[in-house]
Amino acid sequence: EVQLGESGGGLVQPGGSLRLSCAVSGFTVSDYYMTWVRQAPGKGLEWVSVIFRGGSTYYGDSVKGRFTISRDNSKNTLYLQMDSLRSEDTAVYFCARATATTRSLDYWGQGTLVTVSS
Amino acid sequence: DIVMTQTPLSSPVTLGQPASISCRSSQSLLHSDGSTYLSWLQQRPGQPPRLLMYKISNRLSGVPDRFSGSGAGTDFTLKISRVEAEDVGVYYCMQATRFPSTFGQGTKLEIK
């Protein structure tokens, strides 16, 4: 059974850092486009970042230069390192997977809440 | 970046009646490989999003056939032939033809 589970969210001060993890089971992270999507309270979905099978990455404009996506194939886990956090980064962060053939996000985790506030 | 614009942003519908959501992209979503990477997702209250359709019109296994997708280029539509109570939620289109991927603003489907 395919499962994704995020962890690492919490309260952090502006300018601080946080690392999110997404542990998966039922598939191998390196076989898929692994993606982070966030949702600010009461708002819509915002695409954050992707890591492709070959390891190359893309970021949304609002997080470029501050966030870093990575994966540990031995742990079958996806990460999102978030630095220089701002209040507008407050959101629920979801990890999701996409196949290379469809590029659609077919499985999602439940999300982890990040709150950036002093 | 490609901008995705959905209309309407809110859609009150009577049970058993059809519903339609439009999604327009600022650039063609036709990829050089011949595919159009436009998908539709549903988010019920308190839940993570759920994939409904991929590559415009392909229904994910388990999605009721009252959902259908159509379109090409820059204009796409999600239709529900007969709305049921379980269809309440917010619907998003998403493009993955060009990265960064982008979502539409979401359309809230509610029952009249």
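The values are calculated or read from the model by the stated rules, or taken from the named source; none is laboratory data. Keep in mind that what you see is a predicted model, and the values were worked out from it rather than measured. All Cβ positions, even for glycine, are placed from backbone atoms using ideal geometry, and neighbour counts span all protein chains on display.
Among strands (runs of 3 or more DSSP E) entirely within the range A:78-118, having at least 1 residues that are facing another protein chain (nearest Cβ under 10 Å) and touching a Leu at 6+ places or on another chain (Cβ under 6 Å) singles out A:91-98, A:105-108.
Can you report the number of residues in the range B:60-83 which are touching a strand residue (DSSP E or B) at 6+ places or on another chain (Cβ under 6 Å) and of a type in the set (D, E, K, R)? Break it down into steps so the answer makes sense when it comes.
Residues of the range B:60-83 touching a strand residue (DSSP E or B) at 6+ places or on another chain (Cβ under 6 Å): B:60, B:63, B:66-71, B:74-80, B:83.
Applying the additional criterion that residues be of a type in the set (D, E, K, R) yields B:66, B:75, B:79.
Within the range B:60-83, residues that are touching a strand residue (DSSP E or B) at 6+ places or on another chain (Cβ under 6 Å) and of a type in the set (D, E, K, R) number 3.
Restricting attention to the range A:65-96, and to residues there that are among the polar types (S, T, N, Q) and within 15 Å of A:Gly5 (Cα to Cα), which single residue is surrounded by the most Cβ atoms within 10 Å (Cβ to Cβ)? If you could, list the steps in order and put the result at the bottom.
So the first thing to find is which residues in the range A:65-96 are among the polar types (S, T, N, Q), and the list is A:68, A:70, A:73-74, A:76-77, A:81, A:84, A:87, A:90.
Right, trim to within 15 Å of A:Gly5 (Cα to Cα) and you get A:76-77.
Values: A:Asn76: 16, A:Thr77: 18.
The qualifying residue surrounded by the most Cβ atoms within 10 Å (Cβ to Cβ) is A:Thr77.
Tally the residues that are in a loop (DSSP other than H, G, I, E, B) and within 20 Å of A:Val92 (Cβ to Cβ), restricting the search to the range A:3-59.
So the first thing to find is which residues in the range A:3-59 are in a loop (DSSP other than H, G, I, E, B), and the list is A:8-9, A:13-17, A:26-28, A:32, A:40-44, A:52-56.
So of that shortlist, the ones also within 20 Å of A:Val92 (Cβ to Cβ) come out as A:8-9, A:13-14, A:16-17, A:40-44.
Residues flagged as in a loop (DSSP other than H, G, I, E, B) and within 20 Å of A:Val92 (Cβ to Cβ) within the range A:3-59 amount to 11.
For every residue, the table says whether it meets (1) at pLDDT 95 or above; (2) in a loop (DSSP other than H, G, I, E, B); (3) surrounded by 16 or more Cβ atoms within 10 Å (Cβ to Cβ).
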position	(1), (2), (3)
B:Gly16	yes, yes, no
B:Ile21	yes, no, yes
B:Asp33	yes, yes, no
B:Ser39	yes, no, yes
B:Gln47	yes, yes, no
B:Met53	yes, no, yes
B:Ser70	yes, no, no
B:Leu78	yes, no, yes
B:Arg82	yes, yes, no
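Candidates are the residues of the range B:38-72 that are more than 16 Å from A:Leu45 (Cβ to Cβ) and touching a residue at least 40 places away in the same chain (Cβ under 8 Å); the one that is nearest to the chain's Cα centre (by Cα) is B:Gly71.
Return yes or no: is A:Thr112 of a type in the set (Val, Ile, Thr) and surrounded by fewer than 21 Cβ atoms within 10 Å (Cβ to Cβ)? I'd like the intermediate steps shown before the answer.
On the way: of a type in the set (Val, Ile, Thr): yes; surrounded by fewer than 21 Cβ atoms within 10 Å (Cβ to Cβ): no.
No; evaluated as a whole, the condition is false for this residue.
Of these, A:Arg66, A:Arg71, which one is more than 10 Å from chain B (Cβ to nearest Cβ), without any contact (Cβ under 8 Å) to a residue 60 or more places away in the chain and under 11 Å from the mean Cα position of the chain (by Cα)? Sole residue among the options that is more than 10 Å from chain B (Cβ to nearest Cβ), without any contact (Cβ under 8 Å) to a residue 60 or more places away in the chain and under 11 Å from the mean Cα position of the chain (by Cα): A:Arg71. Could you check the range A:14-48 and list, in sequence order, the residues that are under 14 Å from A:Val114 (Cβ atoms) and within 13 Å of the chain's Cα centre (by Cα)? Answer for the range A:14-48, where residues must be under 14 Å from A:Val114 (Cβ atoms) and within 13 Å of the chain's Cα centre (by Cα): A:Leu18, A:Arg19, A:Leu20, A:Ser21, A:Cys22, A:Trp36, A:Val37, A:Arg38, A:Gln39, A:Glu46, A:Val48. Taking the range B:53-112 as the search range and keeping residues that are among the charged types (D, E, K, R) and within 14 Å of chain A (Cβ to nearest Cβ), which one is nearest to B:Ser20 (Cα to Cα)? The qualifying residue nearest to B:Ser20 (Cα to Cα) is B:Lys108.
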